[in-house]
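Engineer: Quick one: the structure is below, and I'll ask about it shortly.
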Amino acid sequence: MEEATPSEVRERLTLIADLSRELEVSVYLVGGAVRDLLLTGELRDLDLVVEGSGADFAHALGERLDAPVRTHPQFLTAEVEDPLGLHIDIASSRAESYPEPAVLPVVREGSLEEDLDRRDFTVNTLTVRLGPDAGLELIDSRGGVQDLEDSLLRILHSRSFVDDPTRAFRAVRLETRLGLRLEPESKRLLNQAVEKQIVDRLSPARLRQEVVYLFGELENLEASLRRMDELGLLRTLHPRLSFDERDAERLTRVTDQIVRLHDKGIELPALEFWRLALMSLAWRLEPAVREELVDRLGLVGADRELLLGFRQRLEAAASDLDGSRVQPHLAARSLARLQAEEQVLLSALGDDEVKAWVERWLEELRHIELTISGQDLLARGASPGPAIGAVLTATLEARLDGLIGADEELDHAAELLEKGHQK
């Protein structure tokens, strides 16, 4: 999928404005899109609000662009998969109410003013009217432009952090990403929500999503963790969590290693930064405490297994890679058991010998595969049975150790079979 250029973004906005006039509905560019446009002059995501049916407008836009459309009727929202790679979110203007603190709101159709009133911070209420009237109009009814100029992050209502405590985590993201700072009253209200344990009422799923968002922003991660610690938000994940200089040093080593691997052209497509960051933060927690943290975040499956057992697996791998008698196939066998996040941690925090083995695995050994299969051995007259699998494994190990080349695999495997190799 292509990445849209600024001129193509402008063309999309023109098309959307034209479509609003054709359909005679009011359409607005809202929130973070306008905020980022004013801050950086760039616009990559289009967040639209329609006074009327957002789903109908999305389908009309999708038809015009020949693009797929996904609708979410329960939230009055839709998404258009723009062929240019733009992310276009379209929502009906909505109002919402919270039946109790820290639960999802009840959403209904509403006016533009009600839609702006349900947002989190003043800088996210900025709006540009695209149509149906000709020309563009910036709507700033809540002082968002002034707050941007003053680098302030101001909550809209005194109950904002009570109604939706995820806004506390969003505040940290916006502070560190955009260089803003909570204005004093907003900070006091956030602190109050933490002290009264309102944030603790968030469900594991909603809390986990905030961790994924925050911990996934590698460039801002140290600043985010320091700010979360300062505001008491880390302790809402677990009372034993904090961020001190030991954690900062560990995180620096991890992030430096990611940059180093990237600079060497090593790709880690399966790596998820939020998991790596959480593992680094939980490094010095006892197993029982890590389990409590995992439960609080509602981690299941592979995520749960990774966070619960990574310390033991890394210690075992470090032991396997220690000493002069380590052979490439033994190193490969040990490292292949680890997830990408564990491999990065091991290379970042291990000694020079361990780091060298991990980097050799990532650069070279993991890419070595057999060019033959059991079918090739059967074609050479081998009898079916478990011995074939054993000799294929032994042949791969010989390749890893540099004892044979790819063109020697079949002869080597056949010779092992003839000698009655057992694994």
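Engineer: Any idea which of VAL391, VAL354 is among the aliphatic types (A, V, I, L, M), more than 34 Å from the chain's Cα centre (by Cα) and in a helix (DSSP H, G or I)?
Structural biologist: Only one candidate passes the filter, namely VAL391.
Engineer: Could you pull out the residue among ARG21, ARG35 that is surrounded by 22 or more Cβ atoms within 10 Å (Cβ to Cβ), charged (D, E, K, R) and either over 25 Å from ARG170 (Cβ atoms) or touching a residue at least 12 places away in the same chain (Cβ under 8 Å) (or both)? Walk me through it before giving the result.
Structural biologist: Details: ARG21 fails: surrounded by 22 or more Cβ atoms within 10 Å (Cβ to Cβ).
Result: ARG35 is the single residue among ARG21, ARG35 that is surrounded by 22 or more Cβ atoms within 10 Å (Cβ to Cβ), charged (D, E, K, R) and either over 25 Å from ARG170 (Cβ atoms) or touching a residue at least 12 places away in the same chain (Cβ under 8 Å) (or both).
Engineer: Let me ask something else about it. Can you give me the number of residues within the stretch 336-353 that are over 15 Å from LEU306 (Cβ atoms), buried (at least 22 other Cβ atoms within 10 Å of the Cβ) and aliphatic (A, V, I, L, M)? Lay out the reasoning, then the answer.
Structural biologist: To start, the set of residues in the stretch 336-353 that are over 15 Å from LEU306 (Cβ atoms) comprises 336, 347-353.
Pick out the ones that are also buried (at least 22 other Cβ atoms within 10 Å of the Cβ) and you get 347-348.
Subsequent filtering for residues that are aliphatic (A, V, I, L, M) retains 348.
Number satisfying all stated conditions: 1.
Engineer: Give the number of residues within the stretch 92-129 that are aliphatic (A, V, I, L, M), touching a residue at least 24 places away in the same chain (Cβ under 8 Å) and either touching a Phe, Trp or Tyr at 6+ places or on another chain (Cβ under 8 Å) or closer than 16 Å to PHE57 by Cβ (or both).
Structural biologist: Summing the residues that are aliphatic (A, V, I, L, M), touching a residue at least 24 places away in the same chain (Cβ under 8 Å) and either touching a Phe, Trp or Tyr at 6+ places or on another chain (Cβ under 8 Å) or closer than 16 Å to PHE57 by Cβ (or both) in the stretch 92-129 gives 3.
Engineer: Condition test on ARG250, is it closer than 21 Å to ARG119 by Cα, in contact (Cβ under 8 Å) with a residue 24 or more places away in the chain and basic (Lys, Arg)?
Structural biologist: Working: closer than 21 Å to ARG119 by Cα: no; in contact (Cβ under 8 Å) with a residue 24 or more places away in the chain: yes; basic (Lys, Arg): yes.
No.
Engineer: For the structure I just gave you, tell me whether GLU11 is surrounded by fewer than 20 Cβ atoms within 10 Å (Cβ to Cβ), touching a helix residue (DSSP H, G or I) at 6+ places or on another chain (Cβ under 8 Å) and without any contact (Cβ under 8 Å) to a residue 60 or more places away in the chain.
Structural biologist: Taking the combined requirement at face value, the residue does not satisfy it.
Engineer: Here is a list: ILE388, ILE404. Which entry is free of Cβ contacts under 8 Å to residues at least 12 places away in the same chain, over 30 Å from GLU272 (Cβ atoms) and hydrophobic (A, V, I, L, M, F, W, C)?
Structural biologist: ILE404
Engineer: Any residue in the stretch 82-91 that is touching a Phe, Trp or Tyr at 6+ places or on another chain (Cβ under 7 Å) and at pLDDT 95 or above?
Structural biologist: yes
Engineer: Looking at the stretch 241-254, is at least one residue touching a helix residue (DSSP H, G or I) at 6+ places or on another chain (Cβ under 7 Å), over 24 Å from LEU349 (Cα atoms), assigned to a helix (DSSP H, G or I) and of a type outside the set (Lys, Arg)?
Structural biologist: So far as the stretch 241-254 goes, no, none of its residues is touching a helix residue (DSSP H, G or I) at 6+ places or on another chain (Cβ under 7 Å), over 24 Å from LEU349 (Cα atoms), assigned to a helix (DSSP H, G or I) and of a type outside the set (Lys, Arg).
Engineer: Taking ALA223, is it in contact with a Ser or Thr (Cβ under 9 Å, 6 or more places away or on another chain), over 19 Å from ARG275 (Cα atoms) and at pLDDT 95 or above?
Structural biologist: No, not satisfied.
Engineer: Tell me which of these GLU114 doesn't satisfy, since it passes every other one: (1) outside any loop (DSSP other than H, G, I, E, B); (2) surrounded by 16 or more Cβ atoms within 10 Å (Cβ to Cβ).
Structural biologist: (2)
Engineer: When the stretch 123-147 is examined, which residues are found to be farther than 18 Å from SER93 by Cβ and in a loop (DSSP other than H, G, I, E, B)?
Structural biologist: ALA134, GLY135, LEU136, GLY143
Engineer: Another question, then. Residues in the stretch 288-300: is at least one over 22 Å from the mean Cα position of the chain (by Cα), under 30 Å from ASP200 (Cα atoms), surrounded by fewer than 18 Cβ atoms within 10 Å (Cβ to Cβ) and hydrophobic (A, V, I, L, M, F, W, C)?
Structural biologist: Within the stretch 288-300, one or more residues are over 22 Å from the mean Cα position of the chain (by Cα), under 30 Å from ASP200 (Cα atoms), surrounded by fewer than 18 Cβ atoms within 10 Å (Cβ to Cβ) and hydrophobic (A, V, I, L, M, F, W, C).
Engineer: Could you look through the stretch 136-166, keep only residues that are more than 30 Å from SER20 (Cα to Cα) and of a type in the set (Lys, Arg), and pick out the one that is surrounded by the most Cβ atoms within 10 Å (Cβ to Cβ)?
Structural biologist: Ranking the qualifying residues of the stretch 136-166, first place goes to ARG154.
Engineer: Something else: Kindly list, by first and then second residue, each pair from a residue in the stretch 179-203 that is more than 22 Å from ALA223 (Cβ to Cβ) to a residue that is hydroxyl-bearing (Ser, Thr, Tyr) and part of a helix (DSSP H, G or I), limited to pairs with Cβ atoms under 6 Å and residues at least 6 apart or on different chains.
Structural biologist: Final answer for the pair search is ASP200/THR236.
The values are calculated or read from the model by the stated rules, or taken from the named source; none is laboratory data. Owing to the predicted nature of the structure, the values given are computational and were not obtained by experimental measurement. Neighbour counts run over all protein chains shown; Cβ positions are idealised from the backbone, glycine included.
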